[in-house]
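The values are calculated or read from the model by the stated rules, or taken from the named source; none is laboratory data. Since the structure is predicted, the reported quantities are computational estimates derived from the model, not experimental observations. FYI the Cβ positions are ideal-geometry reconstructions off the backbone, even for glycines, and counts take in every protein chain you see. Accessible surface is based on the protein model in full, side chains and every heavy atom, while ligands, DNA and RNA are left aside. Shrake-Rupley method; radii C 1.70, N 1.55, O 1.52, S 1.80 Å.
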Amino acid sequence: MPGKPAPIKKSPAKKVAAKAPEPAPAPVEAPPAEAPPAEAPPAETPPAEAPPAEAAPAPVGETAPATPAEDTPAAEGSPPVPTSAPLDVSVEDVNDSSLSIKWKTPETIGDSGLDGYTVEYCKDGTTDWVVAQEELTPANRCCIKNLTTGDLLLVRVVAVNAGGRSEPGTLAEPVHIREIGDRPKIRMPRALRTRYVKQVGEQINLVIPFIGKPKPVVSWLKDGKPLDTKRVNIRNSDKDSIMFIRTSEREDSGVYEMTVKVESFEDKATITLQIVERPGCPASVKLVDSWGFNAALEWTPPKDNGNTEITGYTVQKADMKTGEWFSVLEHYHRLTATISDLIMGNSYSFRVFAENQVGISEKSAVTKEVAKIQKTGIVYKPPEYPEHDFSEAPKFTTPLSDRAATVGYTTKLLCSVRGCPKPKIEWLKNQMVIGKDPKFRQISNQGICSLEIRKPCSFDGGVYTCRAKNAQGEAAVSCKLEVKQVIISDAEKGK
């Protein structure tokens, strides 16, 4: 351990002044000797601010004549001032022989800049401050080595610039120089690393595990202030901390900060809790205009969004005759809408609901005015369509097929025909109209034409024709019918 404080590193301007010979008395009143612009530069270097054409280098051993006050930078403003104190000095690491600390840059540095930092320490209960490093450090952290195990040290950091030393930034508590078993570490569950959203009335039970030896000290803050123990219950063990809210409310929303501390080490984690509920209704809704079969609406967002963003609106209409409400727009994102397809002669009222991720608002904003869809003198004329001529000449869609029949067994001939108007059907045998011969039965139904031949004999064979006629024309189909005689052998006759 060093026995005495090391000298503080001087600014470049002060080093130059220390090497230069003592100046002769100046004929004019010079600024204070502490201000770098008022000190005379060495003989080997020309004045920093004087132009080459107006000033010559001073002889060796003599100082240059003093520059008038109005030409020096010091005359334009106040002398350099020290920076403000370094911020948030904290312990970064500690073991049985060294201590690492870190800090943040001072808020105010000034025009003269920042030369560096000096770190000093002393034992708790004494005032013998020891400089940890001989040179100024430009970094925002420093490791103090060769310490004695068991010491309780106070540490401070001072910023240095041309104006001198700043106010010191000190550690909040003395540091015990010893090896820490397990440094505190919060193991935040993945679900809690982002915004944690719950609905009003739901129970909240968050378990946050951590590690650390010896037993860490756990503390909680909400929005930077102590927790309200009437609303939030905290239960700590050696391995985790539990935050419990029996019935959540909107005011429970906020940023909760958990701190786990072992000696001079600590770990922090934050949980953003958002308690949401259904939004209020839109602040107002107004019927802007109505024309033809349309009505234009305009409304404003609700004053209470349920502690979460508004995702859309539901617009409904009601015919004043029935008073029943029907949704015309759902999940609508704009604040204006045009409702169309209203019925002429009816009057309508409109209402708007707001909705968020929880649901739609319990109440709605209703228009004070009623949209009246006026009747106009327009006479509806149905479009005139030319009559389609469905007239068609007969056409057989299914022809007759050749048949073979047995003497004494009734047979039937079939075909199908279409035509408009309905064609007249005639049957012919060997080009002779059959007419009303009782041996034949003629049927025509829905375009299906049939000829039934009752118990044909061998003389009933021949060519049969079905002919269809109407005003548009005629058509015919034919087939050949063969009537066979059953031949009985002599053996069968003998039986």
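Quick test of your reading of the structure: residue 347 fulfils all but one of (1) open to solvent by less than 10 Å² (accessible area, probe 1.4 Å); (2) touching a Lys or Arg at 6+ places or on another chain (Cβ under 9 Å); (3) farther than 19 Å from residue 300 by Cα. Name the failing condition by number.
Here residue 347 meets the rest and fails (1).
I need the full set of residues from segment 456-471 which are modelled with pLDDT under 90 and on the phi > 0 side of the Ramachandran plot, in order please.
none
Say we look at segment 88-130 and pick out the residues that are within 13 Å of residue 153 (Cα to Cα) and aliphatic (A, V, I, L, M); which of these is modelled with the lowest pLDDT?
94
What is the residue count in segment 162-194 for residues that are open to solvent by less than 30 Å² (accessible area, probe 1.4 Å) and part of a strand (DSSP E or B)?
Qualifying residue count for the region: 5.
Given the conditions (1) of a type in the set (Ser, Thr, Tyr); (2) in contact (Cβ under 8 Å) with a residue 40 or more places away in the chain; (3) assigned to a loop (DSSP other than H, G, I, E, B), which single one is not true for residue 219?
(3)
Before we move on, is residue 318 without any contact (Cβ under 8 Å) to a residue 40 or more places away in the chain, surrounded by 13 or more Cβ atoms within 10 Å (Cβ to Cβ) and in contact with an Asp or Glu (Cβ under 9 Å, 6 or more places away or on another chain)?
So residue 318 passes the test.
Here are the criteria: (1) open to solvent by 40 Å² or more (accessible area, probe 1.4 Å); (2) over 30 Å from residue 87 (Cα atoms). Tell me which single one residue 204 does not satisfy.
Every listed condition holds for residue 204 apart from (1).
Please verify whether segment 386-398 includes one or more residues that are part of a loop (DSSP other than H, G, I, E, B) and either of a type in the set (Val, Ile, Thr) or within 17 Å of residue 476 (Cα to Cα) (or both).
no
Kindly indicate whether residue 455 is farther than 30 Å from residue 341 by Cβ, open to solvent by 90 Å² or more (accessible area, probe 1.4 Å) and charged (D, E, K, R).
Against the criterion (farther than 30 Å from residue 341 by Cβ, open to solvent by 90 Å² or more (accessible area, probe 1.4 Å) and charged (D, E, K, R)), residue 455 qualifies.
Out of the residues in segment 472-495 that are at pLDDT 90 or above and of a type in the set (S, T, N, Q), which is least open to solvent (accessible area, probe 1.4 Å)?
Ranking the candidates gives 478 first.
For segment 335-344, which positions are of a type outside the set (Ser, Thr, Tyr) and exposed (fewer than 11 other Cβ atoms within 10 Å of the Cβ)?
Residue satisfying the conditions is 341 alone.
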